[in-house]
Amino acid sequence: VNPHLLFNTLSFVQYAAKLAPDDADEAIVGLAELMDFALKKDNRSMIRLKEEVKQGEIIIRLHELRYQQQFHVQYIKNIVDEDMLVPPLCLVTLLENLFKHGNVNDPEFPARIIVDGTRDRIRYETHNLPRMFPFMKQEHSSTGLSNLRIRLELSYPGRHHFEYGQEG
């Protein structure tokens, strides 16, 4: 789990503890579940898709709690076989990247997350406006996405497609 996600969630919990204790409680439970999953996944090269999707949904919910009315994300899930085996943390990496670098505050251009799977194929897709900080130079190491590319090549040599970048 990305330290950025951990820091932002803990900052939210500190803020919400006084003003929205139920939200803080839900965030703590979700974060604990994510951390438990991240620690256990190292022992498994493949997990059931439903486990990966559940972790992704926890990340989405943590950000929904954090942004409240400023959270504009479309989540589309269409899965035929939730028991198919997938490499762990692929969807989680994409979501961490979306929330770290993406703008989820624009109701006219909501971020979009798609999880689509048949019996023999899974597709994760994210789209978002980039977060713009005019006072900061945008530099990204792309370490998480590079690691994701390697994980996919090891799991599906020559049988996967992965691309990322900015359009137009």
* Asked: Along the stretch 150-161, what does the Karplus equation 6.51 cos²θ - 1.76 cosθ + 1.60 (θ = phi - 60°) give for ³J(HN,Hα), rounded to whole Hz, x for Gly and Pro?
  -> 5, 4, 5, 5, 5, 7, 9, x, x, 10, 9, 9
* **Placed amide H near ASN103: partners under 5 Å, 5+ positions off or other chain** => LEU129, ARG131
* Asked: Can you run phi through the Karplus equation (6.51, -1.76, 1.60; θ = phi - 60°) for the stretch 105-114 and list ³J(HN,Hα) in whole Hz, with x for Gly and Pro?
  -> 9, 9, x, 7, 9, x, 5, 10, 10, 10
* Which percent of Cα-Cα pairs in the chain sits in each 10 Å bin, short to long? -> 9, 37, 38, 15, 2, 0
* If Lys and Arg each add +1 and Asp and Glu each add -1, what is the summed charge of the other residues whose beta carbon sits under 15 Å from the beta carbon of ILE79? -> -2
* **Listed residues LEU85, LEU65 arranged by accessible area, highest first, probe 1.4 Å** => LEU85, LEU65
* Determine the equivalent ellipsoid of the stretch 1-93 by diagonalising the alpha-carbon gyration tensor, then write out the semi-axes as square roots of 5 times the eigenvalues, largest first, rounded to whole Å. => 25, 16, 10
* To do: Could you work out the local net charge near ARG159, counting Lys and Arg as +1, Asp and Glu as -1, over the other residues with Cβ closer than 11 Å to its Cβ?
  => -1
* Asked: Do any GluC sites (Glu not before Pro) in the stretch 1-99 lie in a DSSP loop with no more than 16 other beta carbon atoms within 10 Å, and if so, which?
  -> GLU82
* Asked: Roughly how many nanometres apart are two label points built 7 Å out from the Cα toward the Cβ at PHE7 and ILE79?
  -> 3.1 nm
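Restricting to DSSP H runs of at least four residues, report the calculated mean residue ellipticity at 222 nm for the chain, -39500 (n - 2.57) per run over all residues, nearest 500 deg cm²/dmol.
-16500 deg cm²/dmol
The values are calculated or read from the model by the stated rules, or taken from the named source; none is laboratory data. Quick caveat: nothing in here was measured; it's all calculated off a predicted structure. Neighbour counts are summed over all protein chains in view; Cβ atoms, including those assigned to glycine, are modelled from backbone coordinates with ideal geometry. We work out accessible area using only protein heavy atoms, side chains counted, and drop any ligands, DNA or RNA first. Shrake-Rupley method; radii C 1.70, N 1.55, O 1.52, S 1.80 Å.
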